[in-house]
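See below for the structure under consideration.
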Amino acid sequence: MKSIYKEYNGSWIGWPGVAREDHTTKELDQIDALLGKENCVPVHLSHEEINLYYEGFSNRTIWPLFHYFTQYADFNADTWEVYKSVNQKMADATISVLEDGDSVWVHDYQLLLVPEMIKSKKPNVTVGFFLHIPFPSYEVFRTLPWRKELIKGMLGADLLGFHVYDYERHFFSTVRRLFGYEISFNQIHVEDRIILADAFPMGIDYDKFHDAALATHQKPLQEKSRLHQELEKYFLTSPDRRLILSIDRLDYTKGIPNRLKAFARFLEKYPEFRYKVTLVMLAVPSRGQVDHYQQLKKEVDELVGSINGLYGSINYTPVWYFYRSLPFENLIELYSSCDVALITPVRDGMNLVAKEYVASRTNKSGVIILSEMAGVAKEMGEAIIINPNDENDMAESIYQALTMPLDEQRERMSFLQDRIKRYDIFKWAHEFVKSLFKARDIQSDFLAKRINTKIQKQLVADYTKSKNRAIFLDYDGTLTRFRKNPQDASPDEELHNLLKNLEKDEHNDITLISGRDRATLEKWMDGHKVNLICEHGVWVKDFGGTWKTLTNISNSWMDMVRPILENFVDRTPGSFIEEKNYSLVWHYRKAEPEQGELRANELKDELTNLVSNHNLEIMEGNKVIEVKNGGINKGVAALNFLHNKNYDYVLAMGDDWTDEFMFRELPREAITIKVGLKHTNATYNLESVDAVREFLGDLVNAG
Ligand code: GDG
């Protein structure tokens with residue numbers, strides 16, 4: 001990120017990596033001064049904060065949980081409190097350098113609450129967030145007691161980035177289930193905000209690795225590092241000596257024990273490779289204060305010892321084990337000297353080692369064995385993809401890699417190099433920043449739709465000029481507020497008068513367009529000069545005419561959807577199914593409220609795939625989920641209504657997403673108004689039912 005934040009003239013806010021108590025004030029001042037020169041803003045942490053926030057909640061709770069190690073996840077209210085307070089510290093430090101119009105990019109699982117903390121104080125700042133580790137499936141995520149708080153924190157961002165689509169998908173499912181927010185494509189609609197989410201597979205500084213590898217090859221022997229000289233000596237001992245490389249932080253997610261066992265299995269199965277093949281294993285010490293890491297270290301030490309004990313000899317050590325971190329130069333020497341990279345994490349957000357190995361193979365030889373559980377596997381189809389829990393498969397893949405013809409290695413490596421070079425770290429960062437600006441623009445377009453005095457004047461002026469007007473009005477949530485019991489939402493006197501006044505104007509042709517059943521609406525509109533479209537467009541009645549319906553609709557899908565709804569009825573006491581002519585409705589108004597909401601989100605999630613595959617639609621109303629045929633909706637009905645008529649002013653108002661069909665289908669010149677400050681296909685937004693009545697009142701007066 002170093003070159004990136006400088007390119008944008010930015011500041012880098014972070015923990016400098018040392019405990020505050022370990023340094024004198026003078027030393028801390030020096031650290032701060034040096035960091036200041038680089039435009040870095042330090043946030044100092046105490047031992048206690050490092051212990052509870054970093055090693056605690058970040059690495060004992062979120063890290064294991066997000067990597068599906070639920071048995072390791074520690075749910076501890078004390079560490080959670082410190083996680084919150086350190087996130088607040090980071091947010092405050094960021095806010096102190098921010099100005100309106102700036103952008104912030106927050107990184108990773110240690111700072112999940114920071115986006116919301118910044119957004120709530122600085123709404124005019126654009127916030128991006130990137131998660132470097134996997135986002136787990138909802139079934140795993142839900143086990144966290146503070147699940148809602150974490151998601152709320154993330155949703156403070158305008159753009160959320162993940163390495164791969166699977167993580168994004170899990171995140172969407174979690175948001176849907178926990179909050180029920182509407183998600184269309186990659187946009188989450190949260191009250192009056194739109195949040196974008198997308199996959200950005202992180203890249204590496206390709207040229208840096210490639211050029212360093214080239215330089216390594218070109219160095220005269222005496223200038224080479226000790227490690228490199230030893231590696232070369234090793235190859236000289238016998239022409240068919242081969243090296244397999246393994247590099248990671250010593251972390252239980254990286255599948256190091258499985259890898260060692262697979263290597264042992266390989267030596268057992270293919271004795272002809274003993275004395276020829278060595279596994280070079282670099283395990284970088286990491287999070288040593290956390291007990292699971294200490295246990296892992298013990299296990300790895302023992303496994304290495306047992307393999308070397310079993311297969312080693314005076315001249316042959318099957319596993320070269322380095323438990324330390326090596327300088328960059330050595331890393332490059334290992335990448336460029338090893339014939340095979342064995343990368344077998346049981347879970348890994350991306351895994352950059354795989355990409356670095358590719359970049360360092362200047363002569364295009366080399367084979368990668370890669371776990372399908374690493375995000376990077378999605379981009380590396382040319383690697384040998386394995387399941388890290390299948391030791392036999394891994395042992396076979398080692399054999400396949402060591403015996404792969406050079407031509408094939410080169411062909412595969414060329415494809416990999418082209419791809420990894422193209423989408424490098426700079427491209428990754430620029431793509432993210434580009435999307436961040438896009439998120440900002442979408443949000444400001446959205447806000448620009450609010451009807452202000454100027455727009456209002458224009459709309460009223462157009463109204464008075466027109467001679468033949470079609471006015472489509474949704475009922476619930478547009479003309480009236482929602483009631484606990486829907487049957488109590490009959491028109492009040494003010495509404496009756498408002499409609500009567502609109503109807504009086506002979507230039508107006510008014511249509512009520514609603515999801516309600518026809519009997520109710522007909523009763524309520526008795527005495528009014530209006531047309532009615534009911535059940536989202538299934539039934540239509542022109543003023544003075546009779547009810548008509550579309551006849552050629554198939555209901556065969558109902559047999560497939562009914563059992564799903566029945567299952568939800570069984571699991572949600574108080575809920576029931578209503579079968580309409582062309583739709584199935586699951587009502588949960590009488591269910592226990594929280595359970596009802598939870599199940600409704602679950603049901604929507606479950607139906608999502610089904611509906612798109614069968615051209616159905618899910619209509620979400622007030623305490624109801626309705627599944628209906630995709631061919632009928634308010635949009636189709638409104639368009640049918642306009643057919644062969646010659647209106648010079650078309651106005652449509654509605655509040656929920658069933659009205660979006662109408663906004664989308666109506667001619668471009670129609671004035672479409674969404675009630676509520678939500679994302680919409682409509683041209684304008686009005687905030688409430690009161691605002692709608694006021695607006696219609698203004699039209700009446702002007703007319
Ligand atoms: C997290 C996610 C995601 C390793 N040993 C040495 C050394 N390294 C460098 C490698 C590489 C980096 O450390 C490791 O990156 P990974 O991506 O493999 O894994 P994590 O540290 O777990 O990173 C991961 C990543 O974030 C980025 O989003 O890919 O999934 O878990 O760059 O080269 N560097 C030096 N000496 C070593 O001994 N100099």
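Read-outs: derived from the displayed coordinates by stated rules, not from any lab. Quick caveat, the model's predicted, so the values are computed rather than measured. With ideal geometry, Cβ positions are generated from the backbone for all residues, glycine too; neighbour counts draw on all protein chains shown.
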Residues whose placed amide H lies under 5 Å from that of Phe482, excluding near-sequence neighbours: Gly477
Across Lys219/Lys355; Lys457/Lys604; Lys2/Lys121, pairs whose alpha-carbon gap is larger than 31 Å: Lys457/Lys604
Residues of type aspartates and glutamates that Lys208 reaches as a straight line, Cα spacing below 19 Å, ignoring anything fewer than 8 places off in the same chain: Glu7, Glu329, Glu333, Glu356, Asp418, Asp424
Directionally averaged projected area (convex hull, Cα atoms, region 423-555), nm²: 14.8
Positive-pole candidate from Phe171, Ser120, Met154, dipole of region 113-182, charges at beta carbon: Ser120
Under-5 Å amide H pairs with Ala341, H placed in peptide plane, nonlocal only: Leu245, Val367, Ile368, Ile369
Label-point gap, in nm, between His496 and Gln229 - each point 7 angstrom along Cα→Cβ: 10.2
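Which of the residue pairs Lys298/Lys364; Lys37/Lys254; Lys89/Lys148 have a Cα-Cα distance greater than 31 Å in the structure shown?
Cα-Cα > 31 Å for Lys298/Lys364; Lys37/Lys254; rest within.
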Sites Glu694 and Glu139, calculated FRET efficiency, Cβ-Cβ separation with R0 30 Å, nearest 0.05: 0.05
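Let me know the charge dipole size of region 206-422 about its Cα centre in debye, to the nearest 20, where only the beta-carbon of Lys, Arg (+1) and Asp, Glu (-1) is charged.
That gives a dipole near 360 debye.
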Contour excess over end-to-end distance, with Cα ends at Ser96 and Ile577 and 0.36 nm allotted per residue: 167.8 nm
Over region 206-422, relative contact order from alpha-carbon pairs under 8 Å, at least 6 apart, %: 25
The chain, relative contact order in percent, only Cα pairs under 8 angstrom and at least six apart counted: 10
Under 5 Å, built H, 5+ apart or other chain: amide partners of His132: Asp108, Tyr109
For the chain, calculated [θ]222 nm from helices alone, where every DSSP H run of n ≥ 4 adds -39500 (n - 2.57): -13500 deg cm²/dmol
Aspartates and glutamates whose Cα lies under 12 Å from that of Lys6, excluding same-chain neighbours fewer than 8 positions away: Glu38
Region 558-629 - percent relative contact order, Cα under 8 Å, separation 6 or more: 28
Lys, Arg +1 and Asp, Glu -1 on Cβ, resulting dipole of the chain about Cα centre, debye, nearest 20: 720
Stretchable slack from Lys529 to Glu81, in nm (0.36 nm times residue separation minus alpha-carbon distance): 155.1 nm
Gain upon complete extension [Asp211, Ser3; 0.36 nm per residue less C-alpha separation]: 73.1 nm
